Structure formats: C-alpha cells, structure tokens
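What follows is a set of notes on a single structure, which appears directly below.
The values are calculated or read from the model by the stated rules, or taken from the named source; none is laboratory data. Keep in mind that what you see is a predicted model, and the values were worked out from it rather than measured. Glycine also receives a Cβ, built like all others from the backbone with ideal geometry; neighbour counts cover every protein chain displayed. Quick note on the areas: whole protein, heavy atoms, side chains included, nothing else; ligands and nucleic acids left out. Shrake-Rupley method; radii C 1.70, N 1.55, O 1.52, S 1.80 Å.
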Amino acid sequence: MGLFPQRFIDDIRLQANIVQVIQEYVPLKQAGTRYKGLCPFHSEKTPSFSVDPDRGFFYCFGCRAGGAVFKFLELHEKMGFQDSVRLLAQKLGMPA
C-alpha cells in the first residue's frame, strides 16, 4: 500500500462535495451558507454538527470533532487516512 501523491489527494478534495459525502451518513439541513445536523460521533438531541461547503470542512461544537472530508470518513468508518482517500476516490469514480 503506497502513499498517494499530494496532487491526487488535492484533486479528490476539490472534486468531492463534502455536503453530499456527509449526507450519505448524516441528515443535514441548510442553515444560511452552512449545513447542520446531529453529530454522528456522540449522542445529542439538538444539532451541534456543522458543515461548511465553502471551506470544505465539518465541525462539531459538542465533541469538537472536525476536519476535511477525509477526516470525516476516517472517524465515521474507523479507517486510516490512506483508506479514506481510497474510499473517496472510489465514490468519485477515480482510479486509486
């Protein structure tokens, strides 16, 4: 398992719509320019999970989990960075 070139990682990050990827796992509702929902990483009754599509990151104000689309997949699927790159490339139809 080799490392992916930075350019490949950057291309995936630019092509991936973080809102669409996260919505496969978490129902989100638009709130202004961001999207909000219940955090999948801890139990809560009111939404503290926020996704900013313009900046390409997510953040939970409750448990402080946050990062780019790769980090979301790492945390949700319990996998490493390289596996998250491979999974996202597969979702986008890009050969990894």
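Any chance you could count how many residues in region 54-77 are part of a loop (DSSP other than H, G, I, E, B) and in contact (Cβ under 8 Å) with a residue 12 or more places away in the chain? Count: 7. Restrict the check to region 11-21 and report whether at least one residue is open to solvent by 60 Å² or more (accessible area, probe 1.4 Å) and in contact with a helix residue (DSSP H, G or I) (Cβ under 6 Å, 6 or more places away or on another chain). Checked region 11-21: at least one residue is open to solvent by 60 Å² or more (accessible area, probe 1.4 Å) and in contact with a helix residue (DSSP H, G or I) (Cβ under 6 Å, 6 or more places away or on another chain).
Condition check: open to solvent by less than 40 Å² (accessible area, probe 1.4 Å), hydroxyl-bearing (Ser, Thr, Tyr) and within 18 Å of Gln30 (Cα to Cα). Does Ser48 satisfy that? Show your work before the answer.
Working: open to solvent by less than 40 Å² (accessible area, probe 1.4 Å): yes; hydroxyl-bearing (Ser, Thr, Tyr): yes; within 18 Å of Gln30 (Cα to Cα): yes.
So Ser48 passes the test.
Going by the conditions given, is Cys39 assigned to a loop (DSSP other than H, G, I, E, B), open to solvent by 30 Å² or more (accessible area, probe 1.4 Å), more than 23 Å from Phe4 (Cβ to Cβ) and of a type in the set (A, V, I, L, M, F, W, C)? If you could, list the steps in order and put the result at the bottom.
On the way: assigned to a loop (DSSP other than H, G, I, E, B): yes; open to solvent by 30 Å² or more (accessible area, probe 1.4 Å): no; more than 23 Å from Phe4 (Cβ to Cβ): yes; of a type in the set (A, V, I, L, M, F, W, C): yes.
Taking the combined requirement at face value, the residue does not satisfy it.
Out of the residues in region 9-22 that are polar (S, T, N, Q) and either in a helix (DSSP H, G or I) or in contact (Cβ under 8 Å) with a residue 40 or more places away in the chain (or both), state the one that is farthest from Glu77 (Cα to Cα). Per the criteria, the residue is Gln15.
Okay, residues lined up against (1) assigned to a helix (DSSP H, G or I); (2) open to solvent by less than 20 Å² (accessible area, probe 1.4 Å); (3) among the hydroxyl-bearing types (Ser, Thr, Tyr); (4) touching a helix residue (DSSP H, G or I) at 6+ places or on another chain (Cβ under 6 Å):
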position: Phe4; (1), (2), (3), (4): no, no, no, yes
position: Arg7; (1), (2), (3), (4): yes, no, no, no
position: Gln30; (1), (2), (3), (4): no, no, no, no
position: Met79; (1), (2), (3), (4): no, no, no, no
position: Arg86; (1), (2), (3), (4): yes, no, no, no
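Does Val51 count as assigned to a helix (DSSP H, G or I) and within 22 Å of Gln90 (Cβ to Cβ)? Here the answer is no, as Val51 does not meet what is asked.
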